[in-house]
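See structure below.
We did not get these values from a lab; they are worked out from the coordinates using the rules stated. Bear in mind the structure is a predicted one, so any value in this text is a computation, not a measurement. FYI the Cβ positions are ideal-geometry reconstructions off the backbone, even for glycines, and counts take in every protein chain you see.
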Amino acid sequence: MTWKQLVRLAKELPSVEEGIWYRTPSLEVRGKSFVRLKEDGESVVFILESVDAQQFLIQALPRIFFITPHYENWPAVLARLKSLTVKEARRRLADSWAQRAPKKLLAARVER
């Protein structure tokens with residue numbers, strides 16, 4: 001997976017646009033960032049619903065997901081782009097998008 005491929009997948013979700021978050025490329029929904037490319041260019045940060053979700057992903061798929069001390073006790077997880085599959089990328093993008101999407105936009109997507 002590359003950042004460019006991740007962007008393409010993210011744009012399958014409603015109202016996704018490219019932006020900048022902490023001086024790095026990001027993806028946002030209605031102005032709220034939910035994924036960003038890390039400074040190393042090899043990993044991304046996904047927003048999660050909880051720290052429990054973070055721990056679950058790291059334990060279940062350690063080849064893909066990890067954190068640094070900066071992200072301990074914060075509902076986010078890092079993912080190695082080169083290890084991220086399309087299926088897992090779509091799942092993480094949808095979950096992260098849902099954390100930041102406005103309630104009306106989220107409800108409209110659920111109704112489809």
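General observations
- Reported label for calculated Rg and Dmax of the Cα atoms in Å given (1) 18.3, 68; (2) 13.1, 39; (3) 15.4, 50: (2)
- Within the listed set D52, D40, D95, the Gaussian network model of the chain (springs between alpha-carbon atoms below 10 Å) gives the highest mean-square fluctuation for D40.
- FRET E, pair E39, R80, Förster distance 22 Å, beta-carbon r, rounded to 0.05: 0.95
- Partner lysines for K104 [C-alpha distance under 23 Å; skip if fewer than 8 residues away on the same chain]: K11, K32
- For the chain, built as a Gaussian network whose Cα springs stay under 10 Å, the top-fluctuating residue of S83, S26, S96: S83
- Highest-fluctuation residue, A98, A79, A53 considered, GNM on the chain with Cα pairs under 10 Å: A53
- Extension gain (nm, one decimal) between T68 and D52, 0.36 nm per residue minus Cα-Cα: 4.2 nm
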